[in-house]
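The structure is given below, and queries will be raised subsequently.
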Amino acid sequence: AKAAGRNTYCFFDPSMQEGALVRMRLESDLRQALARQLLLVYYQPVVDRKGRMSGVEALVRWPRPPGGMVSPAEFIPVAERTGLIVTLGRQVLCMACRQLAVWAGDPRRAHLTISVNVSAREFRHPQFVSQMLSVVEQEGANPRLLKLEITESLLLHDVQDTIAKMAALRSHGLALSLDDFGTGYSSLSYLKKLPFDQLKIDQSFVRGVLVDPHDAAVACTIIQLARSFGLTVVAEGVETEGQREYLMANGCELFQGYLFGRPVPVDQLPES
Ligand code: C2E
Ligand code: CA
Ligand code: CA
Ligand code: CA
């Protein structure tokens, strides 16, 4: 506080205090929502080069009366900071696995994969792998249809531990996708060491492919990189036909974005 200078103690700044109260309220409401299992999962289509749905991404939603949905961008960081992400992640995983089990009995849906986001903090939990596998089994989901999306922030921690966990998950059939690729700090040598199945081109690059040569270059490089490593590649945040055409012409295999569908409750997913 001293460094901030005279008369500028955070303590007495009413707007700061309000911010802290809002955050505390958000945390306690989130805790309660988790205890009551009020969070929902929406699903967004992932489509192949022929435009057929090959899977979906599970995205958590928090309906918080009276205000409507709270954005995950707002509460995921709170969940991560407070450790609530472990409970949140388990609930989302349960819902996704339950959905896979339901779809297994529906010939039109039985091939669909579900991608679940996993925070670095969840992944670092010592029991992450065993808890993950026990939920999959308990819900009767086919692990081969489950993909875990993790980000590069994971790589800032114990790399040997990360590799061991990834290998264990893959040996049980789960696929691993590197989310938001290109936005973090990871080096290519990590990518070579880590057993990923899929790269996701971050939407910040997809947005610019037709207008910014740098974004286009990054997107194309990621596609080439994925191919040379034998990984599938997904472009996220595809909003226009032009973006889809450009990415497709450059070898992208899977696409996700408002062009194909927004995240929706499961019963509102398109037929195919
Ligand atoms: P993400 O994993 O990168 O997910 C993609 C985000 O982009 C989603 O935002 C999705 O709704 C949005 N999106 C999809 N297509 C488009 C598009 O064409 N244009 C634009 N502008 N946006 C698009 P959402 O659902 O608000 O989620 C935000 C972030 O919150 C996610 O980013 C992910 O990091 C995190 N998140 C969401 N659900 C979970 C969860 O269950 N667990 C964890 N750990 N994180 C989650
Ligand atoms: Ca994701
Ligand atoms: Ca992403
Ligand atoms: Ca993102």
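The values are calculated or read from the model by the stated rules, or taken from the named source; none is laboratory data. These numbers were taken from a predicted model, which means no experiment stands behind them. Virtual Cβ from ideal backbone geometry, glycine too; neighbours counted across all protein chains shown. Ligands, DNA and RNA are stripped out before the accessible areas are found, and what is left, the full protein with its side chains, is counted by its heavy atoms. Shrake-Rupley method; radii C 1.70, N 1.55, O 1.52, S 1.80 Å.
For His172, are the conditions met, namely being out of contact with any strand residue (DSSP E or B) (no Cβ under 7 Å at 6 or more places or on another chain), within 24 Å of Val233 (Cα to Cα) and open to solvent by 70 Å² or more (accessible area, probe 1.4 Å)?
Numbers: out of contact with any strand residue (DSSP E or B) (no Cβ under 7 Å at 6 or more places or on another chain): yes; within 24 Å of Val233 (Cα to Cα): yes; open to solvent by 70 Å² or more (accessible area, probe 1.4 Å): yes.
The answer is yes for His172.
I need the full set of residues from segment 239-259 which are more than 15 Å from ligand 2 (Cβ to nearest atom) and touching a helix residue (DSSP H, G or I) at 6+ places or on another chain (Cβ under 9 Å), in order please.
Correct list: Glu239, Gln243, Tyr246, Leu247, Asn250, Gly251, Cys252, Glu253, Leu259.
For segment 222-262, enumerate the residues that are charged (D, E, K, R) and assigned to a helix (DSSP H, G or I). Before the answer, list the steps.
If we filter segment 222-262 for residues that are charged (D, E, K, R), which is where we start, we get 227, 236, 239, 241, 244-245, 253, 262.
Correct list: Arg227, Glu241, Arg244, Glu245.
Something else about it: Out of the residues in segment 189-229 meeting the condition of being more than 16 Å from ligand 4 (Cβ to nearest atom) and among the basic types (Lys, Arg), tell me which one is farthest from Met166 (Cα to Cα).
Arg227
Same structure, new question: State all residues of segment 97-127 that are among the hydrophobic types (A, V, I, L, M, F, W, C) and under 12 Å from Leu174 (Cβ atoms); if no residue qualifies, say none.
Once the filter is applied, which keeps residues that are among the hydrophobic types (A, V, I, L, M, F, W, C) and under 12 Å from Leu174 (Cβ atoms), segment 97-127 yields Cys97, Leu100, Ile114, Val116, Val118.
Any idea how many residues of segment 182-204 are in a strand (DSSP E or B) and either out of contact with any Phe, Trp or Tyr (no Cβ under 9 Å at 6 or more places or on another chain) or more than 10 Å from ligand 3 (Cβ to nearest atom) (or both)?
2
Looking at this structure, is Leu133 surrounded by 20 or more Cβ atoms within 10 Å (Cβ to Cβ) and away from ligand 1 (no atom under 16 Å from the Cβ)?
No; evaluated as a whole, the condition is false for this residue.
State yes or no: is Arg207 basic (Lys, Arg) and without any contact (Cβ under 8 Å) to a residue 24 or more places away in the chain?
no
So, one more: Looking at segment 92-174, what helices (runs of 4 or more DSSP H) fall wholly within it and have at least 2 residues that are more than 19 Å from the chain's Cα centre (by Cα) and within 21 Å of Ser189 (Cβ to Cβ)?
159-171
Looking at (1) within 16 Å of ligand 3 (Cβ to nearest atom); (2) open to solvent by 20 Å² or more (accessible area, probe 1.4 Å); (3) of a type in the set (D, E, K, R); (4) in contact (Cβ under 8 Å) with a residue 12 or more places away in the chain, can you tell me which one Asp215 breaks?
With (1) within 16 Å of ligand 3 (Cβ to nearest atom); (2) open to solvent by 20 Å² or more (accessible area, probe 1.4 Å); (3) of a type in the set (D, E, K, R); (4) in contact (Cβ under 8 Å) with a residue 12 or more places away in the chain applied to Asp215, the lone miss is (4).
Counting only residues that are more than 16 Å from ligand 2 (Cβ to nearest atom), open to solvent by 10 Å² or more (accessible area, probe 1.4 Å) and either among the aliphatic types (A, V, I, L, M) or in contact (Cβ under 8 Å) with a residue 24 or more places away in the chain (or both), how many does segment 220-238 have?
Total satisfying the criteria: 5.
Related question: For Leu154, work out the one condition from (1) out of contact with any strand residue (DSSP E or B) (no Cβ under 6 Å at 6 or more places or on another chain); (2) away from ligand 1 (no atom under 14 Å from the Cβ); (3) open to solvent by less than 30 Å² (accessible area, probe 1.4 Å); (4) not polar (S, T, N, Q) it doesn't fulfil.
(2)
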